[in-house]
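This report concerns only the one structure given below.
The values are calculated or read from the model by the stated rules, or taken from the named source; none is laboratory data. Bear in mind the structure is a predicted one, so any value in this text is a computation, not a measurement. Backbone-built Cβ (ideal geometry, glycine too); neighbour counts: all protein chains shown. Heavy atoms of the whole protein, side chains included, go into the accessibility calculation; ligands, DNA and RNA do not. Shrake-Rupley method; radii C 1.70, N 1.55, O 1.52, S 1.80 Å.
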Amino acid sequence: MKKAIILSGILILAMGCKYFAKNKAAQDERVIARVYDEFLFLSDVQPLVQGVSQEDSAKLIASYAESWVKKKLLYKKAQEYIAGDEAGIEKKVEAYRQSLTLYEYEKELVRTKLDKAVNDEEINIYYEKNKANYALENDIYLVNYVFINPESEDFEKIKPLFTKKRNEDEQRALEGYCKAYSKNYNITDGVWKTSNRMTIDFLMDDAQIASLGKSETYREFKNNDQSFFVRIADIKRKGEATPLPAIKDQIKEMLMNKKKVMLIDNIYNKILEDGLKKENVELLVK
């Protein structure tokens, strides 16, 4: 508390004194720190303390001012130490400025000119040509599952539908029940999961996973106060091609990145072509 009072006193003293101005238009600015002929003004740090209590804002401003002073002093010392390498620093700064400008330009080109659509046909064509490169490192399971509280209404009536081969009406009834009473389920398309992922998601041990085979019916497991039902719709073994749904998002992102590279390359090549035609540039080596 004593430290906070001292810091507050420093801040009030700094705010109560009018030192110098950055320029003529800022003669009424309040200075809270100075290093040689550079000044830190209260207005510079006010955005940092919006919505902060008076005591906490005093601490934050005092801490920021001290850090600002230290950095300015260290920078001045560094300038003295590496004065002979000033040209090297300037080159690095200019190289960084150019890189940052190009990055922002490319980002704007991507935002305004890139066709962001990657359709299913493109994905399928790429997958068929390259699926040999996506061999599975582990077995993978296409899983349907339902997590549900056994205390849910009509649970005992609907439960037999999990353990039998269902007709269309029964499947629709099961889907409706899951929509009403389950917060986490997938009983239609299924999700591809490795055994490690199943261990995490379902808290199943290796023996339980190994006991599951392809089936049209679900097996019931219990986890704390929940029941969950698991059905394996398909299995792909280690060494087989990874199923497309399991890597569809990955392929889509890769194809989008290819589009970005092609867009930037085409624009840069066009810029070079225009520059050569207008004789604004010369390439003196080949």
Quiz item: If r is the Cβ-Cβ distance from ASN130 to LEU73 and R0 is 51 Å, what FRET efficiency results, to the nearest 0.05?
Solution: 0.35
Exercise. Subtract the Cα-Cα distance of LYS258 and LYS183 from 0.36 nm times their separation in residues, and report this length gain in nm to one decimal.
Key: 23.2 nm
Quiz prompt | Among PRO245, PRO47, PRO150: highest mean-square fluctuation, GNM of the chain, C-alpha pairs under 10 Å | solution = PRO47
Quiz prompt | Three-way shape call for the chain based on the alpha-carbon gyration tensor, with the a/c threshold at 1.5 | solution = oblate
Quiz item: Say a site is exposed when it is one of the GluC sites (Glu not before Pro), sits in a DSSP loop, and has at most 16 other Cβ atoms within 10 Å; what is then the longest site-free stretch of the chain?
Solution: 1-136
Self-check item: On Cα atoms only, tilt of 120-130 relative to the major axis of the chain in degrees
Solution: 80
Quiz item: Where the centre of each part is set by its Cα atoms, how far does segment 61-81 sit from segment 204-250, in angstrom?
Solution: 59
Practice problem: Sort ARG172, ARG219 from largest to smallest accessible area, using a 1.4 Å probe on the heavy atoms of the protein chains. | Solution: ARG172, ARG219
Exercise. For every helix of n ≥ 4 consecutive DSSP H residues, a contribution of -39,500 (n - 2.57) applies; sum these over the chain, divide by its total residues, and give [θ] at 222 nm rounded to the nearest 500 deg cm²/dmol.
Key: -17500 deg cm²/dmol
Quiz item: So how tilted is helix 54-81 from the main axis of the chain? Cα-based, degrees 0 to 90, rounded to 10.
Solution: 70
Exercise. Let me have the relative contact order for the chain, percent, based on Cα pairs under 8 Å that are six or more residues apart.
Key: 18
Quiz item: If you line up the long axis of helix 86-113 against the longest principal axis of the chain, both from Cα atoms, how many degrees apart are they, to the nearest 10?
Solution: 40
Quiz item: Any idea of LYS70's accessible area? Nearest 10 Å², probe 1.4 Å.
Solution: 120
Practice problem: Would you mind telling me the share, in percent, of accessible area of segment 126-259 contributed by carbon and sulfur at probe 1.4 angstrom? | Solution: 45
Quiz item: Considering amide H positions built from the backbone, and no H for Pro or chain starts, which residues 5 or more places from ILE32, or on another chain, come under 5 Å of its amide H?
Solution: LEU40, PHE41, LEU42
